[in-house]
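Any read-out appearing in this document is the output of simple, stated calculations on the displayed coordinates, not a laboratory observation. Just so it is clear, the model here is predicted, and its values are computed rather than measured. Virtual Cβ from ideal backbone geometry, glycine too; neighbours counted across all protein chains shown.
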Amino acid sequence: MRIRTVTMLGLALITVGACSASATQSPTNAPVVSKAPVTAVPSAPAKAYNLTLIQGVAGDPFYVTMACGAQAEATKEGVNLTVTGGNKWDATVQKPVIDSVTAAHPDGVMVAPDDSKALLAPLKAMSDAGIKVTFVDTKLDDTSFAVSSIATDNLAGGTLAAKTLAGLINDKGTVLVVNVDPGISTTDARVKGFTDEMKNHPNITVLDVQYTHDDPTAATTITTATLAAHPDLAGVFATNVQNAEGVATGLKQASNTTVKTIAFDAGPKQIEDLNAGIVQGLIAQDPYGIGVDGVQQTVLALKGGTTTPTIQTQLAAITKDNVNDPAMQKYLYKASCS
Ligand code: T6T
């Protein structure tokens, strides 16, 4: 069990150690969780299991980095890994991908479902076909058939985003939340953490959450329209890579230097926008670690070991001032594994 909190220019760096269902509250309200050791592996004959990682969407630096971690762990464990994903964030695009993986019948699948309800039937069918299913990043509402669900503490990340943004705007003004779609376990939790925390800031008005369907162009359009409708806009919370990129473009196009922006994730363009001073803080996840844990848990299940139902991976708050710190480098997402 470990938690480390360091305050850096108003942003708290939280590293939350992994896992398990039981959580207590730390002084910062970030859950402190204890990690069950990955030791209970019965001796089993060596087998080159076939695993598949189904990304939430292909090409997103978060999932690219997750695939790098999964591949590194697969190589270490001597198992085969295939990586696949739809070309946009959409349950109707991901469903046929899931169905074709089920038809190919790998031994185990790590999957980030694009919707917490709509993909229950195809993923249950995958599990019923005898394939071990592990949720990485996003999950379904029904996790009963999963080996493990591995994700950032997105609720705590949303809370941290709200506290940080409130500090940056001197606890007053109007703020915009730009989100992907309703019904995604990760981003829903981020918005809940954010809006719940903002109830403690009575002089901040949170506008109705706006959805982009994971399209950066939509995030730009929303930002432009909101600046026109609310010229006093003080802050923005962008809940993931694409929304952060689109919001930054909107602020740049408007030559706006007053709005403060906090975003989830740490893709290469987000780091550029942070360094350029367009975005003030990034709540970065550890997708590489999620990939590693996903393979570990799936292989453990295949070997008949005791898996951990819920694993929470680390997050960190990145600012322009700490982005070059060695400790932050593991939180910066990759455009490719090499
Ligand atoms: O924020 C990540 C991921 O955690 C989320 O579930 C979907 O969006 C990302 O992939 C970033 O674009």
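Descriptive notes on the structure:
- Radius, Kirkwood style, for the chain when every pair of distinct Cα atoms is counted (Å): 20.1 Å
- Taken over region 130-217, the convex hull of the Cα atoms encloses 109 Å³ per residue.
- Counting only lysines at least 8 places from Lys88 when in the same chain, those with an alpha carbon closer than 28 Å to its own are Lys117, Lys124, Lys132, Lys139, Lys192, Lys252, Lys269, Lys330, Lys334.
- Helical segments meeting 15 Å axial Cα length and Kyte-Doolittle 0.5 threshold in the chain (DSSP H): 91-104, 154-168, 216-229, 287-302
- Computed from the C-beta positions of Ala104 and Glu272 and an R0 of 41 Å, the FRET efficiency is 0.60 to the nearest 0.05.
- Cβ crowding within 10 Å, taken as a proxy for footprinting-reagent exposure, orders Thr249, Thr152, Thr306 from fewest neighbours to most as Thr306, Thr249, Thr152.
- Simple Cβ-charge dipole of the chain, Lys/Arg +1 and Asp/Glu -1, about Cα centre, in debye nearest 20: 640 debye
- Dipole of region 120-246 [Lys/Arg +1, Asp/Glu -1 at C-beta], most positive-end residue of Thr187, His230, Ala161: Ala161
- The amide H of Ile311, built 1.01 Å from its N in the peptide plane, has Ser20, Ser149, Ile150, Ala151 as neighbours under 5 Å, considering only residues 5 or more places off or on other chains.
- Once the C-beta distance of His230 and Asp90 is scaled by a Förster radius of 30 Å, the resulting FRET efficiency is 0.50 to the nearest 0.05.
- Every pair of different Cα atoms in region 82-234 enters the Kirkwood calculation, which places the hydrodynamic radius at 17.2 Å.
- For region 67-108, a crude dipole built from +1 on the beta carbon of Lys and Arg and -1 on the beta carbon of Asp and Glu, taken about the Cα centre, is about 140 debye to the nearest 20.
- For region 160-264, trypsin sites (Lys or Arg not before Pro) meeting the loop criterion (DSSP other than H, G, I, E, B) and having at most 16 other Cβ atoms within 10 Å: Lys172, Lys199.
- The antiparallel fraction among DSSP beta bridges confined to the chain stands at about 25%.
- Ranking of Met328, Met126, Met198 by count of other Cβ atoms within 10 Å, fewest first: Met328, Met198, Met126
- With the highest mean first, a sort of the peptides 221-228, 174-181 on other beta-carbon atoms found within 10 angstrom per residue produces 174-181, 221-228.
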